[in-house]
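Below: the structure, in structure tokens.
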Amino acid sequence: MAKQQRPNGVGKAADYLDQRTSIGVLVKEFARKVFPDHWSFMLGEIALFSFIVLIASGFFLTMFFEPSMALVRYEGEHPPSMEGQLMSAAFSSTVEMSFEVRGGLLMRQVHHWAALIFVFSIVVHMFRIFFTGAFRKPREVNWLVGAVMLILALAAGFTGYSLPDDVLSGNGLRIIDGVVKSIPVIGSWLSILVFGGEFPGHHIIPRLFTLHIFVIPGLLIALIALHLFLMVLQKHTQYPGGGRTDKNVVGYPALPVYVAKMTGNFFIIAGVLTLMGGTMAINNVWNYGPYDPSPVSAGTQPDWYILFVDGALRLMPGPGWEWVIGGYTLSMNLLIPALVVPGILFTLLFGWPFLEAKVTGDHKEHHVLDRPRNRPTRTGMGMAIIVAFVVCSLAATNDLIATHFSLDIFAITWTLRVLVFVGPVFAFWVTKRVCLGLQRKDRELVLHGHESGRIVRFANGEYIEVHTPLDEEERWLRVSYESPEPLEIQPLTDGRGVRRPGYRSDRRWQKLSRFFYEDRVSPVTPAEVEAAHSHGRHDEIEPGRHDEAEPKAPTGAGAVGGGPRHSD
Amino acid sequence: MTPWRPRLGACVGVVLRWYRFMTEKLKHSQRDEDIFVKALAARRHHRLAPVVLLLLALLTTGGVYAALAPSTAQAETVSTADIETGKKLFQANCATCHGSNAEGTDGVPSLVGVGAAAVDFQVSTGRMPMQMNGLQAMEKPRQMNEEQTAALAAYVASLGAGPAIPTDEQVDASLGDPSNGMALFRTNCAMCHNAVGAGGALSEGKFAPPLWDTSERNLYQAMLTGPQSMPVFNDANINPEEKRDIISFLVEQRDGSAGGASLGALGPVSEGLWAFVVGMGLLIGAAVWIGAKSS
């Protein structure tokens with residue numbers, strides 16, 4: 001404009017819009033938004049983009065799916081094994097859209113693969129958040145939003161898996177029916193409420209359809225918007241490194257860098273999902289046939305994210321756990337694996353940020369991420385949860401393990417029964433030890449530098465190996481972390497010898513806090529660096545020795561954005 | 001245009017007349033029978049007469065059954081020479097466990113009455129002669145050729161009547177109805193062999209094998225004779241046409257299913273594994289690549 005340029009069409013349109021909505025302010029704000037660069041920050045993006053693929057392919061499927069349990073006779077010629085069979089309209093329309101509708105099978109398969117990837121990426125994304133401590137203040141609320149979305153994603157997956165009304169999904173629903181019925185007092189009523197009568201009834205498919213295409217995706221879209229809004233509002237976390245503090249964000253502006261990267265990533269994700277849908281068969285419902293409550297085929301399992309519940313059910317011993325109390329049956333063999341186990345998992349998931357803040361006595365805002373090694377207990381707990389989840393999931397595949405590795409199915413079940421208790425404890429212990437070891441290694445590196453492999457002999461015959469000191473970036477990474485100590489609590493009595501109320505509860509929290517932070521390796525202090533660098537005569541020959549009193553933060557490579565935090 | 005009423009009346013008349021005639025005749029015959037029974041009772045004096053009668057009845061039933069029972073004769077012409085060869089082969093390869101006259105030993109079944117179908121199944125799939133004792137005889141390259149197998153089958157069949165080797169027509173998949181076959185397979189077979197015959201686990205390390213490489217004849221024989229842990233599906237349970245339908249369904253599964261690579265047709269577990277390895281592998285790889293492309 002300065003050069004007396006006439007505005008082109010786009011410019012005019014933008015100006016038109018801006019004069020009426022002042023949208024330019026928003027665009028300016030977003031375009032200059034700074035995001036830090038790391039591949040692990042794109043895991044959530046995979047979830048977001050596979051959700052978009054899910055919506056798009058799901059929209060296509062609703063054009064052809066008939067959510068009805070009315071009995072019909074299959075008229076199509078393909079596949080020959082379905083010809084003339086009696087089935088529900090839901091199943092019939094699923095088979096028909098796969099064989100008669102152009103691109104229907106591709107869309108179905110893309111939709112199902114995208115669903116598996118959606119949940120996978122959510123879980124992987126959550127573990128990234130967990131292990132790096134990104135759930136800490138101020139992001140606890142966003143963690144909760146994410147956890148709710150995980151549950152919604154599982155619900156979306158399960159309702160979708162049940163819609164085709166094939167033998168496999170019908171068996172899944174039958175298990176759900178059993179679990180619902182095992183709930184004390186209200187179980188039977190609840191089951192009749194859910195299924196509109198005795199299982200399977202005629203209502204469940206239309207009900208699941210409404211949940212699957214309307215309620216759950218609607219909630220998910222709303223929560224995704226909230227999730228992203230909070231992410232923008234609170235600014236993105238960043239990995240520790242030179243120039244990165246809790247008061248800035250080091251990275252690149254959204255426009256053009258991240259918009260380009262995100263667009264590219266979307267096309268990659270949509271491409272990979274389409275490729276999978278086009279080349280790998282998934283959930284061929286006509287293999288299982290239309291649902292009827294009598295057959296159950298070998299290798300009947302739910303999709304991967306429900307495997308852990310199925311596995312817990314398979315691990316739970318049957319006899320002796322069904323108690324009849326005053327004429328009422330209490331099925332602990334269903335209640336424990338199907339409700340208590342997921343209950344523990346989700347309680348931990350929802351409660352963790354608050355539990356950790358409490359035992360750490362931490363009320364500060366955190367924007368720089370933890371390296372997992374610097375929080376040995378948290379990292380250990382995360383690994384324990386992963387191991388428990390994997391062991392339970394493996395238990396659900398015991399029949400496949402048995403046939404593919406020529407093992408005895410009972411031996412597998414018993415091994416996993418032991419492992420489900422021992423495995424997580426062992427994983428916790430190993431992980432914690434590895435973390436502490438890595439921290440000690442960091443200390444050693446900061447104090448003595450890298451081994452150079454150069455051996456020097458002094459005139460008096462003494463041999464030493466020359467160590468190369470770390471550069472500033474390397475040192476910053478290894479010393480700039482917090483290492484919390486166990487909580488200190490007020491004594492039992494005050495100065496006048498009066499017993500303090502709340503002491504007992506404090507004491508319990510302190511015990512838990514000790515469990516978290518008793519084993520700790522404190523970060524190297526400047527004084528320690530100083531002492532280490534001047535303890536021997538051989539120091540004279542060390543090349544390029546840095547002995548700043550304090551490791552200075554080198555300036556970051558990118559633009560420093562974000563400015564002071566709101567809280568400051 | 002309404003000749004309906006008179007015709008109906010005529011019909012009713014005929015039926016009524018016929019009914020009256022028949023009831024008369026029946027009353028008459030009953031009376032006759034009463035007289036006959038009384039006469040017989042009057043003449044009967046020996047107390048062993050019922051025993052003789054019973055023996056006669058048994059002999060008649062047995063004779064009629066022997067004449068009318070489904071033939072268990074071998075489809076091919078079985079010569080005495082075949083049976084002799086079979087006996088020699090049996091004594092050289094099988095008698096150690098099954099006894100010199102196939103009467104069975106401790107924990108090893110007798111082969112009298114198992115029929116040619118059982119022998120053909122076990123020997124042509126290499127399960128017998130067994131390599132080693134185990135939970136289950138394993139399939140392996142066959143040890144006996146076609147002729148030797150036929151001779152063994154002839155010998156065992158000569159020991160006692162049992163199911164015969166099915167004819168080619170009985171196992172011709174193209175004559176079967178895969179849709180009916182699938183319905184039957186789903187109710188009778190899928191709980192062990194998986195929905196499309198990929199195989200599955202049984203207790204204590206035993207397993208139901210995959211069925212895609214099994215020949216049509218062997219499939220039929222397995223249903224008929226119930227080898228190892230498998231139950232017998234005799235002709236009253238699943239008739240020969242239905243067996244052929246099942247074979248037809250299984251033969252159709254050999255080509256895999258629509259939609260691309262079948263991933264072992266094992267259901268959600270293998271799908272989850274592939275989603276993680278291929279899908280998440282590619283996507284995380286792409287994320288690392290995009291992340292590395294810094295500026």
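Summary table
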| item | result |
| --- | --- |
| Whole-Hz ³J(HN,Hα) from phi, Karplus 6.51 cos²θ - 1.76 cosθ + 1.60, for segment A:454-466, glycine and proline x | 9, 9, 10, 9, 7, 4, 7, x, 6, 9, 9, 9, 7 |
| Equivalent ellipsoid dimensions for chain A as semi-axes, Å, which come from the Cα gyration tensor, largest first | 50, 35, 25 |
| Distance between segment B:121-153 and segment A:352-388 - C-alpha centres, whole angstrom | 61 Å |
| 5 angstrom amide H check on B:A261, placed H, neighbours 5+ away | A:M280, A:A281 |
| Efficiency of FRET from Cβ geometry, B:A161 and B:A49, R₀ 30 Å, rounded to 0.05 | 0.35 |
| Check: the protein assembly as shown dipole with +1 on Lys, Arg Cβ and -1 on Asp, Glu Cβ, in debye | 2440 debye |
| Residues A:H236, A:H450, B:H46, A:H111 arranged by fewest to most Cβ contacts within 10 Å | B:H46, A:H450, A:H236, A:H111 |
| Chymotrypsin sites (Phe, Trp or Tyr not before Pro) within segment B:188-228: DSSP coil, no more than 16 neighbouring Cβ in 10 Å | B:W212 |
| Within straight-line cross-link reach of B:K293, aspartates and glutamates at Cα separation under 14 Å, skipping those fewer than 8 residues along the same chain | A:D37 |
| Exposure proxy ranking, count of Cβ atoms within 10 Å, fewest first, for B:S110, A:S98 | B:S110, A:S98 |
| Karplus-derived HN-Hα couplings along segment B:116-124 (A = 6.51, B = -1.76, C = 1.60, θ = phi - 60°), whole Hz, x at Gly and Pro | 5, 4, 5, 5, 4, 4, 5, 7, 6 |
| Label point at A:W414 placed 7 Å out along Cα→Cβ; residues across segment B:187-207 whose backbone nitrogen lies under 19 Å | B:202-207 |
| Segments B:239-245, A:240-246 sorted - mean Cβ within 10 Å per residue, highest first | B:239-245, A:240-246 |
| Where chymotrypsin sites (Phe, Trp or Tyr not before Pro) fall in DSSP loop in segment A:441-497, at most 11 other Cβ within 10 Å | A:F458 |
| Residues with amide H under 5 Å from that of A:L330, placed H, sequence gap 5 or more | A:W323, A:V324, A:I325 |
| Distance (nanometres) between label positions extended 7 Å along Cα→Cβ at A:E485 and A:R500 | 1.7 nm |
| Cα centroid separation - segment B:208-271 against segment A:297-346, whole Å | 32 Å |
| FRET efficiency for A:V430 and B:T80, using Cβ-Cβ distance with R0 set to 56 Å, rounded to 0.05 | 0.15 |
| Cα centroid of segment A:159-211 to Cα centroid of segment A:444-477, whole Å | 67 Å |
| Calculated FRET value between B:Q143 and A:S294, using beta carbons and R₀ = 45 Å, to 0.05 | 0.65 |
| Trypsin sites (Lys or Arg not before Pro) within segment A:288-389, DSSP loop, no more than 14 other Cβ atoms inside 10 Å | A:K364 |
| Label point distance in nm, B:T187-A:Y16, each placed 7 Å from Cα along Cα→Cβ | 6.8 nm |
| Inter-label distance, nm, simple model (7 Å from Cα along the C-beta direction), A:E29/B:W289 | 3.6 nm |
| Integer Hz, Karplus 6.51/-1.76/1.60 couplings in order for segment A:247-253, x for Gly and Pro | 10, 9, 10, 9, x, 10, x |
| Stretchable slack from A:E518 to A:F350, in nm (0.36 nm times residue separation minus alpha-carbon distance) | 58.0 nm |
| Nearest-ten-degree value, helix A:43-62 long axis tilted from longest Cα axis of chain A | 20 degrees |
| Amide H contacts of B:G200 (H built 1.01 Å from N, under 5 Å, at least 5 apart or other chain) | B:A208 |
| Cβ neighbours within 10 Å from other chains - mean over B:253-259 | 5 |
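Coordinate-derived values only; no laboratory data. This is a predicted model, so every value here is computed, not measured. All Cβ positions, glycine included, derive from the backbone under ideal geometry; neighbour counts span all protein chains shown.
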